[in-house]
1. Name the residue, out of ASN85, ASN123, that is in contact (Cβ under 8 Å) with a residue 12 or more places away in the chain, under 20 Å from the mean Cα position of the chain (by Cα) and open to solvent by 10 Å² or more (accessible area, probe 1.4 Å).
2. Could you check segment 334-364 and list, in sequence order, the residues that are out of contact with any helix residue (DSSP H, G or I) (no Cβ under 7 Å at 6 or more places or on another chain), surrounded by 15 or more Cβ atoms within 10 Å (Cβ to Cβ) and closer than 30 Å to PRO135 by Cα?
3. How many residues does segment 16-45 hold that are open to solvent by 50 Å² or more (accessible area, probe 1.4 Å) and part of a helix (DSSP H, G or I)?
4. Restricting segment 233-260 to residues that are in a helix (DSSP H, G or I) and closer than 30 Å to ASP39 by Cβ, which is farthest from the chain's Cα centre (by Cα)?
5. Scan segment 139-151 and tell me whether some residue there is in contact (Cβ under 8 Å) with a residue 24 or more places away in the chain, in a helix (DSSP H, G or I), of a type outside the set (Lys, Arg) and in contact with a strand residue (DSSP E or B) (Cβ under 9 Å, 6 or more places away or on another chain).
Amino acid sequence: MPELSGRTERFTESVIRKMTRVCSQYGAVNLSQGFPDFDPPKPVTDRLKEVADGGPHQYAVTWGAQNFRNALAEKQSRCMGIPVNPDTDIVVTCGSTEAMMAAMMTVCNPGDKVIVFSPFYENYGADAILSGAEPVYVPLNPPDFTFDADVLEDAFRLHPKALILCNPSNPSGKVFSRQELEIIAGFAEKYDTFVITDEVYEHIVYKPYTHTYFASLPGMYERTISCSSLSKTYSITGWRLGYIIAPERITNAARKVHDFLTVGAAAPLQEAAVVGLQFGPEYYEKLQRLYTEKRDLFTEGLDSLGLTYTKPQGAYYVMVDVSEFNCSDDRTFCEWLAREVGVGAVPGSSFFREPVKNFIRFHFAKKDDTLNEALNRLSSLRKKAVNIQ
């Protein structure tokens with residue numbers, strides 16, 4: 001039989017999604033894959049019920065229904081502080097996963113280099129490989145996950161086609177400061193590089209930290225491809241509604257890639273989600289309070305258990321240092337944790353290019369009862385850890 005494509009041998013299945021299956025197998029509290037166990041906003045689901053009867057049920061315009069793009073442009077113009085044209089600057093995609101893949105395929109030729117900060121969301125490495133690009137990894141150094149500007153410039157000296165910027169960051173919860181972003185912007189301009197941003201946690205940022213949209217920095221809109229989705233902001237991860245915002249020169253090409261990848265995002269879901277996009281500032285203030293309370297509940301629980309972690313500045317993940325348990329394989333540790341303790345986590349090595357195996361990632365986008373149950377189960381961790389295998 002003919003051989004399969006060699007590109008598929010260069011990356012593994014998603015470790016995050018695998019851990020969800022492990023959680024299901026052992027009945028563990030799933031703090032691995034980052035989706036809520038609470039409902040989306042009621043006005044959005046009420047509108048979805050109406051759409052089920054009244055439509056639309058057929059294809060929307062390939063790059064997004066007009067009313068969805070209008071509402072998205074109005075919201076993002078307000079949030080980003082820059083004008084977004086709904087007719088020229090937006091491509092609606094099947095989640096931010098497709099947005100990132102379409103962005104990579106739009107700007108990268110086979111053999112191009114792409115800078116990726118490490119730790120990184122696992123899709124980025126696969127995105128680079130599938131688009132024929134070569135990832136160049138730059139470390140974000142624990143525990144504060146800052147980068148060395150000299151190391152970053154060394155990567156830029158390789159003349160990469162693009163840099164991928166996840167801000168707020170998954171998995172570390174880091175929020176890049178304006179000063180850090182300006183350093184990146186300076187290099188992007190100096191070395192004539194695109195910046196592809198993943199900003200799905202743009203509204204989940206904890207005081208006193210603030211989110212700065214990279215495209216809003218002076219001179220950066222023309223070279224920035226902003227990717228995001230509605231998944232985290234409106235608790236609709238299963239709806240798969242994402243988008244690209246970029247100048248027309250870029251979106252004209254991205255729309256072609258998107259068209260032949262997926263044709264278009266689901267028309268009924270776009271129609272229902274317009275309601276969410278039209279929420280006022282009070283919704284996002286309430287969302288920030290909600291996740292601040294969940295972060296505090298979970299991290300205070302970790303404190304009471306004496307576990308070491310990095311307090312997140314944004315997003316809804318916590319990196320916990322499990323060095324004390326002397327397990328050399330964090331994947332083995334996470335499977336043991338799900339099986340014997342009943343809590344699911346993601347092994348940190350799936351996010352790091354460097355040989356880092358002392359972190360696991362929990363997420364706290366769950367009901368308080370769920371988080372308290374997970375903390376209760378984790379209270380037995382040290383007692384059971386003598387038999388890790």
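The values are calculated or read from the model by the stated rules, or taken from the named source; none is laboratory data. In this text, all values refer to a predicted model and were calculated from it rather than measured experimentally. Every residue, glycine as well, gets a Cβ built from its backbone with ideal geometry; the counts of neighbours run over all protein chains shown. For the accessible areas, the whole protein counts, side chains as well, though only heavy atoms, and no ligand, DNA or RNA atoms are used. Shrake-Rupley method; radii C 1.70, N 1.55, O 1.52, S 1.80 Å.
1. Working: ASN85 fails: under 20 Å from the mean Cα position of the chain (by Cα).
From the options ASN85, ASN123, the qualifying one is ASN123.
2. In the first step, residues of segment 334-364 are kept if they are out of contact with any helix residue (DSSP H, G or I) (no Cβ under 7 Å at 6 or more places or on another chain); the result is 336-337, 351-355, 362-363.
If we keep only those that are surrounded by 15 or more Cβ atoms within 10 Å (Cβ to Cβ) too, we end up with 336-337, 351-353, 362-363.
Of everything in segment 334-364, those that are out of contact with any helix residue (DSSP H, G or I) (no Cβ under 7 Å at 6 or more places or on another chain), surrounded by 15 or more Cβ atoms within 10 Å (Cβ to Cβ) and closer than 30 Å to PRO135 by Cα turn out to be PHE351, PHE352, ARG353, PHE362, HIS363.
3. Result for segment 16-45: 8.
4. Step one: filter segment 233-260 for residues in a helix (DSSP H, G or I), giving 237-239, 248-260.
Add one more test, that the residue is closer than 30 Å to ASP39 by Cβ, and what stays is 237-239, 258.
Details: THR237: 11, GLY238: 14, TRP239: 15, HIS258: 19 Å.
Filtering segment 233-260 for residues that are in a helix (DSSP H, G or I) and closer than 30 Å to ASP39 by Cβ, the one farthest from the chain's Cα centre (by Cα) comes out as HIS258.
5. Restricting attention to segment 139-151, the residues satisfying the condition of being in contact (Cβ under 8 Å) with a residue 24 or more places away in the chain are 139-140, 142-147, 149.
So of that shortlist, the ones also in a helix (DSSP H, G or I) come out as 149.
So of that shortlist, the ones also of a type outside the set (Lys, Arg) come out as 149.
Now restrict to residues that are in contact with a strand residue (DSSP E or B) (Cβ under 9 Å, 6 or more places away or on another chain): none.
Scanning segment 139-151 turns up no residue that is in contact (Cβ under 8 Å) with a residue 24 or more places away in the chain, in a helix (DSSP H, G or I), of a type outside the set (Lys, Arg) and in contact with a strand residue (DSSP E or B) (Cβ under 9 Å, 6 or more places away or on another chain).
Here's the yes/no breakdown for (1) touching a residue at least 40 places away in the same chain (Cβ under 8 Å); (2) farther than 30 Å from GLU340 by Cβ; (3) within 24 Å of the chain's Cα centre (by Cα):
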position	(1), (2), (3)
PRO43	yes, yes, no
VAL61	yes, yes, no
GLN66	no, yes, no
LEU72	yes, yes, yes
SER77	no, yes, yes
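Okay, residues lined up against (1) of a type in the set (D, E, K, R); (2) assigned to a helix (DSSP H, G or I); (3) out of contact with any Cys (no Cβ under 6 Å at 6 or more places or on another chain):
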residue: THR210; (1), (2), (3): no, no, yes
residue: ALA215; (1), (2), (3): no, yes, yes
residue: ALA265; (1), (2), (3): no, no, no
residue: PHE279; (1), (2), (3): no, no, yes
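Here's the yes/no breakdown for (1) under 23 Å from ARG157 (Cβ atoms); (2) part of a helix (DSSP H, G or I):
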position	(1), (2)
LEU48	no, yes
ASP53	no, yes
PHE68	no, yes
LEU72	no, yes
SER77	no, yes
VAL84	no, no
GLU98	no, yes
ILE129	yes, yes
TYR137	yes, no
